[in-house]
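Written out below as structure tokens is the structure these notes cover.
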Amino acid sequence: MSNGSAVPGQVFGPISVEFEAPIATVRFADAENGNTFRREWLDHLFQAVEAATGHPDTRVVVAAGMPSVFCAGATRETLVGIADGLPLPEYRRFARVFATCPLPVVAEMQGHALGGGLVLGLYADVAVLSERSYYAANFMQYGVAPYVGATYVVPAKIGEALGTEMLLTARGYRGIELKQRGCGVQVVAHDEVPATARNLALMIARSPRASLELLKLELMGKCLAGSDAAMERELEPHMTSRELPDVVSLTEEGYGLLRTTTS
């Protein structure tokens, strides 16, 4: 392995892959659409992760968004049913793309992460949050019962009591509040998130790639078993809730307005 050697990156739509052995950084920067889930965006993410892990010098993948937004989850159109969402099997595959990545993934969650965007980041093996940014499991803000294993991964990574509270209140929590309340993932000053994520990735990368692949298989199996069981429970409530008349009105009235208080 050539430590610190840079090779030309690759671009897949708004998602880029930057190589600097032993790290490959997958960066999503769809500024025009606020890093929301769109079909072409999802296809590009699969391609980018495959490219990142396909380079023989890569030992760890860092998943990064923009400094202001890591990932904002579903679009308004998807929530109200105007646009076709992903088929459920493909949605499950997308949400867990970092869990099923054959190498360890560190999520550099410097910007806000909302709904499915929070879930996407928490499926990474390690996550680093910003004290300043907001993090929300805000599915119920729109009356939609969560899916893709959110009821598993949010409490598993954030902490059982705090993660459950996030799912129920659907409000935004600044990283500093999560940190003060014993959040299970690392939370640092906003400007320190990229360096902290990189340092964690470099520490992980001290082990041989083959050894990391073997450990990731174990971690993947544990994560998929837990999230598969959760999704089996979540499916019926999720589908039932999507048909409720309140979903459209709640989405039209509240999309983009993050709950942060009891008002």
For segment 117-129, the count of residues that are open to solvent by 10 Å² or more (accessible area, probe 1.4 Å) and either among the charged types (D, E, K, R) or assigned to a helix (DSSP H, G or I) (or both) equals 1
Of all residues in segment 218-228, count the ones that are touching a residue at least 12 places away in the same chain (Cβ under 8 Å) and open to solvent by 60 Å² or more (accessible area, probe 1.4 Å). 2
Output for segment 229-263, where each listed residue is exposed (fewer than 14 other Cβ atoms within 10 Å of the Cβ), among the acidic types (Asp, Glu) and outside any loop (DSSP other than H, G, I, E, B): GLU232, GLU236, ASP246, GLU252, GLU253
Looking only at residues in segment 130-167 that are acidic (Asp, Glu) and part of a helix (DSSP H, G or I), which one is surrounded by the most Cβ atoms within 10 Å (Cβ to Cβ)? GLU165
Could you go through segment 26-34 and let me know if any residue there is open to solvent by 10 Å² or more (accessible area, probe 1.4 Å), in contact with a Lys or Arg (Cβ under 6 Å, 6 or more places away or on another chain), at pLDDT 95 or above and not in a loop (DSSP other than H, G, I, E, B). no
Residues being more than 20 Å from THR100 (Cα to Cα) and either of a type in the set (Phe, Trp, Tyr) or at pLDDT below 85 (or both): count how many of those fall in segment 1-18. 8
Residues of segment 185-202 being within 30 Å of ASP57 (Cα to Cα) and in a loop (DSSP other than H, G, I, E, B), which ones? VAL185
Quick check: anything in segment 156-179 within 30 Å of GLY221 (Cβ to Cβ), at pLDDT 95 or above and within 11 Å of the chain's Cα centre (by Cα)? no
Just to check your reading of the model, which residue among PHE94, PHE98 is within 22 Å of LEU212 (Cβ to Cβ) and open to solvent by less than 10 Å² (accessible area, probe 1.4 Å)? PHE98
Select the strands (runs of 3 or more DSSP E) contained entirely in segment 46-111, then report the ones holding at least 1 residues which are at pLDDT below 95. 69-71
Does segment 188-207 hold any residues that are open to solvent by 10 Å² or more (accessible area, probe 1.4 Å) and in contact (Cβ under 8 Å) with a residue 24 or more places away in the chain, and which are they? VAL188, ALA189, HIS190, PRO194, THR196, ARG198, LEU200, LEU202, ILE204, SER207
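The values are calculated or read from the model by the stated rules, or taken from the named source; none is laboratory data. Fair warning: this is a prediction, and the values are worked out from it, not measured in the lab. Reconstructed Cβ throughout: ideal geometry from the backbone, glycine too, with neighbour counts over all protein chains shown. For the accessible areas, the whole protein counts, side chains as well, though only heavy atoms, and no ligand, DNA or RNA atoms are used. Shrake-Rupley method; radii C 1.70, N 1.55, O 1.52, S 1.80 Å.
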